[in-house]
Structures are given as structure tokens and as C-alpha cells.
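Heads up, the thing below is written out as C-alpha cells.
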Protein chains: 2
Amino acid sequence: MELALRGRISIFFDNSDKLHFVKDPLILIEENRITDIDSYSKLKKDIVGHDIIGDKNQLLIPGLVNCHTHLAMTLFRGLADDLPLDVWLKEHIWPLEDKLKAEDVFRGCKLGVIESILAGVTTANSMYWYPSSEAKAMEEIGFRGLVAAPVITGITKLEDAIEIVNKHHNTAEEKIRVTLSLHSPYTVTITDFEQSYNYLKEYNKNCDEKSKLLIHTHLTESENEMRESKQLNTKYGLEFPAVRTPTELLNHIGVLNDNLIAAHCIHLNENDIKLIDSKNVRVSLNPLSNAKLGNYMPPIPEMISKVKNVGIGTDGPASNNTLDLFDTVRFLALYYKGYLHEPTIIKAKEVFKLATIGGSRALNWEGIGTLEAESLADITTVNLKQPHLTPKINDDNVLNHFAYSMKGKDVENVIIDGKLIMEKGKISNVDIEKEIDLVEEITHRLLQ
Amino acid sequence: MELALRGRISIFFDNSDKLHFVKDPLILIEENRITDIDSYSKLKKDIVGHDIIGDKNQLLIPGLVNCHTHLAMTLFRGLADDLPLDVWLKEHIWPLEDKLKAEDVFRGCKLGVIESILAGVTTANSMYWYPSSEAKAMEEIGFRGLVAAPVITGITKLEDAIEIVNKHHNTAEEKIRVTLSLHSPYTVTITDFEQSYNYLKEYNKNCDEKSKLLIHTHLTESENEMRESKQLNTKYGLEFPAVRTPTELLNHIGVLNDNLIAAHCIHLNENDIKLIDSKNVRVSLNPLSNAKLGNYMPPIPEMISKVKNVGIGTDGPASNNTLDLFDTVRFLALYYKGYLHEPTIIKAKEVFKLATIGGSRALNWEGIGTLEAESLADITTVNLKQPHLTPKINDDNVLNHFAYSMKGKDVENVIIDGKLIMEKGKISNVDIEKEIDLVEEITHRLLQ
């Protein structure tokens, strides 16, 4: 039997940035694609042979896209909060990470995938150690994701990264992809950036879009990085002006283009923003994590209006502290209003776009983040019949609830690649309590 | 049978500001009070005759205290977001409020009470029209709350407010109190402030603490108010310096003291903050609503360190957009870290304090907001066995989850005044779906 979904209303952006509201919607699925979406009365003739999921209380939206995270860091959630970034990293996180084994990352990532699905996220771009463990966890549950083949100067090598690419890129029925994870311009030398990019250029020759490799990096997340990038300029003998920004540096060495997913993008000047847009760079904004770590905040209003390929991410659950993208949506919608004293600065439809079709563009993953016909069947349904989502009067009102009232826990059903992964809040074939216990055992062991 | 509660851990501040963590806790209740709290092993001998609620996965915390809201505004949630404050109020909210009837407020408030309880809030200080309707809704469900007897110059009169006080103050087994609601220094004349205060002073003579009346006002919420307060100074012929602040104005006329609950407190200079603390004014901070409306943000780090009686509120659900105090907790814990680039500026235990014992002080309601023996039995339990609340390694780790990961929907049981109001997510004697439908019918009618 193929699946079909019913709801009260469906909301999605199509690939031409048109916002659709479909009342009393029916979505028809065949294999892993949406074949049609329209009102129930128009489509009900085609419903034969479909199992109907959902009911007239559901909001049907694209599965949410988490553009930058570190899934397995569920292991370290809430262990060391309210600390400066360098103390947090150097005294708490790195010593724990030194002890990690492949199995630990598998368990941490599996819990992260479960948490994501419970909150309606169907795709995540994760960067972490032991990418094979992350790929295994995603595949086991049927999640869509990108894992990171790490290249960090002095720590991991391109050859090992290539092995990960060959092993996992476009596997699990094309639900898993690999990024070349060049951690950041301050931890990866220009030589390593250039070598990796040369490999990627060769790899991508003659590839179709979905088979292309991307680079995933942290760009201008911290003030330290701004200082250290200047040292790199000198260290590698390039004759840069002293004030060259990390963004300009990446442009100078030729990697600032549509093969790059740049996470954070906090310290940008006007020229950097222009560069990022004109070069079609893919961006993941992670404002909630930036706030929690006391970093500066990214220029999101400008990014929304001036940059094409922008999505949002939670960052890792040790600095957020959840994988619930609704938290990031709401924080983003609120923070800049308060900061700029401007209640109109970011609107509900804009954050909805960032969390859906924006994610598709930020990850270059065609077919996700929308519900138009022929797209991939990644669908989240939210139970609207709840006090905090009342009243439901018109289209805009429901969209406002998405931005300001909804939470991951309101999600009821999740379909990924045409498969019903969660029904009425239950993920098939997963013993959540057991997974929680396993993660707690690991964290206890790491802390010893 | 009396109630007893079990859990994995209990966290609370006592009245001397000491933070307690009780592992494997047992709470014993008799009638409406907590008689004892300690580890299960120490107290289990006293358990005979008690019905045990909860299990070893629960976090036991004081019922959360919402210090400033407008409960019945559930009717207007999400109807007009992303707008400037004056457009929102004048073009959308006020025209709808003009059509309100007592029954509408009852329904709106009842849904607000339900939403509050679902999110672990056991006390709310609400300011709205038709306070008898709000009192009826609170009493019907067994909620603890303050309703507002409004005095707004040219609209409502002190005599009518006095009638509300006489009818509802300290009713419903002492769970409902009344505030004299002098809306704000820019909508209430100095004469009306003074008259109301004279009545209150007489009323409070010879009262015990719990019978005392308080004034509830909006103080320095908007920039307009700062301008208009100067006009008032002139209008009523008082020889004020031109730059007298609204806080100084209230001090000048003698109402800035421990009989006052001041909501918002955004535009404060250093002297205002000193005045507010030295006069023991009670404060409700509502940062999420302030951000959403694009108001300036209150100086919360200073308020936390310099003012004694500080709690937090959601404000109304038309400007938040929920009554879930966890949303406000998390936003507050995050916003100032991002704004000041200072990850240590507000800590998890400080927001926990604001949401619990701080609320007791802000509302002058002894016995709520704590779990120490002899306090009122208002208790919220949260199911910790969930992916986004994993791992649980030590006390601080669980407190961090409270600040950064928990949501209202994680709440499982709620006890108010010794009565089990919600068990395993179900509120007794309430048909939630019916209440939702009734509210939507009202909103539809008001919009016609």
C-alpha cells in the first residue's frame, strides 16, 4: 500500500518561492515521492490503494531541515552550561571527546536522530567524529542526513576522508550523503583546504547534482577565529592585507562557491555578505547556539534579504541544548525584534522558509523542504487541536502559530522518503527508553 | 487519602534562597500543605495513608508562577503578529476587545488556565476585563490566581473595583486573590492612583499578609509611555523636573512600595532600579513579550542582582504567543548571553529562581514557589526520561535541562493546593477539545 496524508491545512513553499496554503489537503505518495497535493475533494478519486495517515486536526508541512548540527553530542547535553566558549570546549568537551569510541558515537547519534524525528526534523547535516557510526545510526532508523568526512590539519587526513566518501556517499537508498568536513579556516591550513578542494573538483566532474560532494565548514563563529585567521594569512606566506576576513580568505583560495556549506557566518561585513550571495555559498545560521555560547549574533535580517541559499540549524545539543528546530525558529523570530526594537523585522513566513525550502538550498538537496508534486516525500504533521495552537482562524494565523507557539512535541507523524517513520508520536522499531539508558551509561563512563 | 509524590530528583529554593537538590525524593502532603520532603528511604515509614503519585523518572519542582499575564487573550493568539505595538493594539486588539462579553472572557480564560496547567504553571497573575469571569474559570479548574479589579481613568471606576475586591478577594479556599489593577501611569491619572491607594491603605490596615491587597500596573513598557508620563507631570500641575521618570513619578505620589506589582520595568535608569529595590517593589519581567512586540528589553541582569522581589511572566498569549513559562525561562537565559556576548551573564539556577520562589515574592504569596515543609502543596512534575532531557548525570545537569531543554509539554503531573489537578498529562473534569472549539467559535464571532 502507498501512503496518503490528510490534514486541516498544508503550508509549504515551492521551488519558486511561492507560499502555498492548501485547505483540507490530501497528499498522495508513491514510493519515495509526492505524486500530488490538493484539496481532499479534488483528489479523493485517486485515493484507492493508499493507506491514509493523519486526520482533520493535522497541519501538513515539509519535514524540517537542520542544516548544521553535531548529532552525537547528545552525549554531552547540559554537562557544562553557562561557561565561556573556550572553557566549555577546552576544559569540558574536548577531554570527553578524546575518550570517544565508535560505538559511543553510534549511540549518541542514534538518540540524536530519535530526538530530531520526534520534533519533526527529517534531514540533518551532522559534523562529528566516526562518521561511519553516524551513517549507521541514520540508516538504522531511516533518517535522511549528511555525515562528515573530517579533514583537520594535524589530526585527520584527506585520504581517510576519501575512504568515508567512497563508503557512504549516496548510500542508504540515497538518503545518506557525505560532506568533506574542513572544520574551519582556523583549524585547517590553506594547503589542506586547497588539496581537499582539488579532490572535490575532480569528484564532482560529470556528477549529477545529487551526487555532488560539498564542503562543510564553520565560518566566522568566534572572535578568536577572526584573530587567528589573520595569523594564518601570515603563517602561510600569502601576501594578504592585514584585515582580510576569513570569508575573503576562502574566496581568495577559490573555495567560496556553491560547493560550500558555511555554518554560523557571524562576523561578516557588507562585502562578505555580497561575496557569499554572489558566489552562491550555502549558509546555515544557528542563532540559538550563538546566543547560548555568548558569541556575537549573525546579521540574520541582512542574510535573509540578501543571500539566496540560507537555512537554519540547531548546532549540537551540547550548545543549544536541543535538536528541536522549532526552538531555533522561535528564538530567531524573537531575538532580532527585541535587539533592533523592530517587531516587523523578521516575519513568520520567513522563518518557515528558512526551516524548509531554505534548508533544501543550504544543503543542495533537491526535493526536500517542500511538498510540491514530484518532491521527495519527507513530511511532518503537527496536531493543531491543542490549547496553545488555538484559535485557528485563517492561513496567516496558523503560520504565526508555526513561528511563535509550536514545539517539536506537537509533531504527530513523520514520513521520510515515503516511509512512515513516526505515527502518532511513536517511532517504529525503536525502544527509546533503552536508547536513553545506553547514552547515560556512556556519558557516565566518559566522565570517569 | 492524602497525596505523596515520588521522583528521581527534586529541586527547589527555600525562603532563605538556599538551593536544594533531593535525590530519590518523597514529598508528603496533608490537606493543602507539604508536611515533609526528603529522600524516600528516610520518609517511607510515614507513607501509610498516602496515595503515591509520580515515579522514578520525575523531576519534582514547585509549581511555576506566572507573574504577569492576560489569560483570556488566548482568544486573540496569533491573529496579528509581526506588527508594531500601536498598530497591533489599536487596529487589531482593541476593536476586538470592544465586542467582548463576560462569557467570552470566561471561555478564553478557562483555555488559558488549561494551557497554563498543561505547562506546569500553578499560579498566574492575570489582568483583564470581566475579572469575575476570570475568577470563575480559575475556580472551576482549581487554579491559583490573581484577577484584576480594573481602574482606568475615564473607563472604569474605583467603586466598581471595590465591588470586585469584596466579591473575589481571598475566595475559592484562598486560591483566588484580587489586585487593584491601575493599568499604567499613562492611562491612570495621578488622582486616580492616589484615591485607589488611599482605599488600599485603609483596606490593608490590620490585614495579615495573605489578605493584603496589591496594586498591579504596567510600568515603563513602551517608549510612548516615557513621553506620555512627562505630559502627565505637566497636565496635573505637579512641579516635576521635566525628566522625571514614570518610576520616580510613582514614588513621588507614594505608591512605589511593597504593595505594588510592577510589570515590565523596561525603561529604568540606575536610580529607578535602586528605588525599586529599596522600596521593596514587586516586579514581573516579561522579556519574551517585550522582544516580540519590539519594545526595548528590560535590564534583567541588573534586576536579578540588585532587586529582591523579582519574578517572570509570559504576558498575554496574544503577544508571546504561549502561556508556557518554560519559553520565557529559555528566552531569558539565552537573550542576554547573545546580546551582551557573555555566556555567564544569567545562569540556569537564576532563571529557575525567577520562575519559582521569585514568583512568590513578586506576588507576595507566601508558601508558593518552594517545596520546603509547611509550604503550600503546588507541585509540578516533569518526565525526565526523554531524549531531549538526556543525559542526567548530576544535579547541575538536571538544572541545566530546566533552563535550556525543558518544555511545558514535558510536564506530567500538577498538584495545586494539595489537589491532583493533572495526572499523566490529563486534567480532571476538563474536555479540552470542547474548550478549544468554544474559543474558536468566539474568535470567529468577534472577527465578524
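The values are calculated or read from the model by the stated rules, or taken from the named source; none is laboratory data. Please read all numbers here as calculations on a predicted model, not as lab measurements. Note that each Cβ is placed from the backbone with ideal geometry, even for glycine, and that neighbours are counted across all protein chains shown. Just the protein is used for accessible areas: all its heavy atoms, side chains included, with ligands, DNA and RNA removed. Shrake-Rupley method; radii C 1.70, N 1.55, O 1.52, S 1.80 Å.
Residue under question is A:N259, and the condition is that it be farther than 28 Å from A:E209 by Cα and away from chain B (no Cβ under 13 Å); does it hold?
On the way: farther than 28 Å from A:E209 by Cα: no; away from chain B (no Cβ under 13 Å): yes.
So A:N259 does not fit the description; no.
Can you spot a residue in region A:403-422 that is of a type in the set (S, T, N, Q) and either assigned by TED's automatic domain parsing to the domain that holds A:Y336 or open to solvent by 50 Å² or more (accessible area, probe 1.4 Å) (or both)?
Let us first name the residues in region A:403-422 that are of a type in the set (S, T, N, Q), namely A:405, A:413.
With the extra rule that they be either assigned by TED's automatic domain parsing to the domain that holds A:Y336 or open to solvent by 50 Å² or more (accessible area, probe 1.4 Å) (or both), the set shrinks to none.
No, every residue in region A:403-422 fails to be of a type in the set (S, T, N, Q) and either assigned by TED's automatic domain parsing to the domain that holds A:Y336 or open to solvent by 50 Å² or more (accessible area, probe 1.4 Å) (or both).
For region B:330-388, how many residues are over 22 Å from A:A80 (Cβ atoms), among the acidic types (D, E) and open to solvent by 10 Å² or more (accessible area, probe 1.4 Å)?
Number satisfying all stated conditions: 3.
Find the helices (runs of 4 or more DSSP H) located wholly in region A:351-448 whose residues include 1 or more that are more than 14 Å from chain B (Cβ to nearest Cβ) and over 30 Å from B:L96 (Cβ atoms), and list them.
Working: elements: A:357-362, A:395-404, A:432-447.
Here the list reads A:357-362.
Every residue in region A:362-409 that is in contact (Cβ under 8 Å) with a residue 60 or more places away in the chain, more than 30 Å from A:H169 (Cα to Cα) and acidic (D, E), please.
If the condition is that a residue be in contact (Cβ under 8 Å) with a residue 60 or more places away in the chain, more than 30 Å from A:H169 (Cα to Cα) and acidic (D, E), then A:D395 is the only one that fits.
Residue by residue, here is whether (1) β-branched (V, I, T); (2) touching a residue at least 40 places away in the same chain (Cβ under 8 Å); (3) in the same structural domain as B:S116 (by TED's automatic domain parsing) holds:
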{"position": "B:T247", "(1), (2), (3)": "yes, no, yes"}
{"position": "B:N251", "(1), (2), (3)": "no, no, yes"}
{"position": "B:D258", "(1), (2), (3)": "no, yes, yes"}
{"position": "B:S278", "(1), (2), (3)": "no, no, yes"}
{"position": "B:P287", "(1), (2), (3)": "no, yes, yes"}
{"position": "B:I300", "(1), (2), (3)": "yes, yes, yes"}
{"position": "B:K306", "(1), (2), (3)": "no, no, yes"}
{"position": "B:G313", "(1), (2), (3)": "no, yes, yes"}
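Sort out which residues of region B:140-167 are assigned to a helix (DSSP H, G or I) and within 20 Å of B:L111 (Cα to Cα), and write them in order of number. Explain how you work it out, then say what you get.
Step one: filter region B:140-167 for residues assigned to a helix (DSSP H, G or I), giving B:140-141, B:158-167.
Residues satisfying the conditions are B:E140, B:I141.
How many residues are hydroxyl-bearing (S, T, Y) and under 19 Å from A:E139 (Cβ atoms) if we restrict to region A:418-448? I'd like the intermediate steps shown before the answer.
Step one: filter region A:418-448 for residues hydroxyl-bearing (S, T, Y), giving A:428, A:443.
Cutting the leftovers down to under 19 Å from A:E139 (Cβ atoms) gives us A:428.
Counting residues in region A:418-448 that are hydroxyl-bearing (S, T, Y) and under 19 Å from A:E139 (Cβ atoms) gives 1.
Out of (1) farther than 22 Å from A:E342 by Cα; (2) in contact with a helix residue (DSSP H, G or I) (Cβ under 8 Å, 6 or more places away or on another chain); (3) in a helix (DSSP H, G or I), the odd one out for B:S305 is which?
B:S305 satisfies all of (1) farther than 22 Å from A:E342 by Cα; (2) in contact with a helix residue (DSSP H, G or I) (Cβ under 8 Å, 6 or more places away or on another chain); (3) in a helix (DSSP H, G or I) except (2).
Let me spell it out: the conditions are (1) at pLDDT 95 or above; (2) under 23 Å from A:M297 (Cβ atoms), and B:H341 meets all of them except one. Which number is the exception?
Of everything listed in (1) at pLDDT 95 or above; (2) under 23 Å from A:M297 (Cβ atoms), B:H341 misses just condition (1).
For (1) touching a Pro at 6+ places or on another chain (Cβ under 8 Å); (2) open to solvent by 10 Å² or more (accessible area, probe 1.4 Å), each residue gets a yes or a no:
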{"residue": "A:A119", "(1), (2)": "no, no"}
{"residue": "A:E134", "(1), (2)": "no, no"}
{"residue": "A:T153", "(1), (2)": "no, yes"}
{"residue": "A:E159", "(1), (2)": "no, yes"}
{"residue": "A:E173", "(1), (2)": "no, yes"}
{"residue": "A:H183", "(1), (2)": "yes, yes"}
{"residue": "A:K201", "(1), (2)": "no, yes"}
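Looking at A:N125, A:N170, which one is of a type in the set (S, T, N, Q), at pLDDT 95 or above and more than 20 Å from A:K419 (Cβ to Cβ)? Outline the logic, then answer.
Details: A:N170 fails: more than 20 Å from A:K419 (Cβ to Cβ).
The match here is A:N125.
Filter region B:274-303 for residues that are over 21 Å from A:L288 (Cβ atoms), open to solvent by 10 Å² or more (accessible area, probe 1.4 Å) and of a type outside the set (S, T, N, Q) and give the result.
B:K274, B:L275, B:D277, B:K279, B:R282, B:Y296, B:P299, B:E302
Residue under question is A:L332, and the condition is that it be at negative phi and facing another protein chain (nearest Cβ under 8 Å); does it hold? Break it down stepwise before answering.
Numbers: at negative phi: yes; facing another protein chain (nearest Cβ under 8 Å): no.
It is false that A:L332 is at negative phi and facing another protein chain (nearest Cβ under 8 Å).
Say we look at region B:290-329 and pick out the residues that are within 12 Å of the chain's Cα centre (by Cα) and within 9 Å of chain A (Cβ to nearest Cβ); which of these is farthest from A:K407 (Cα to Cα)?
By that ranking, first place goes to B:L323.
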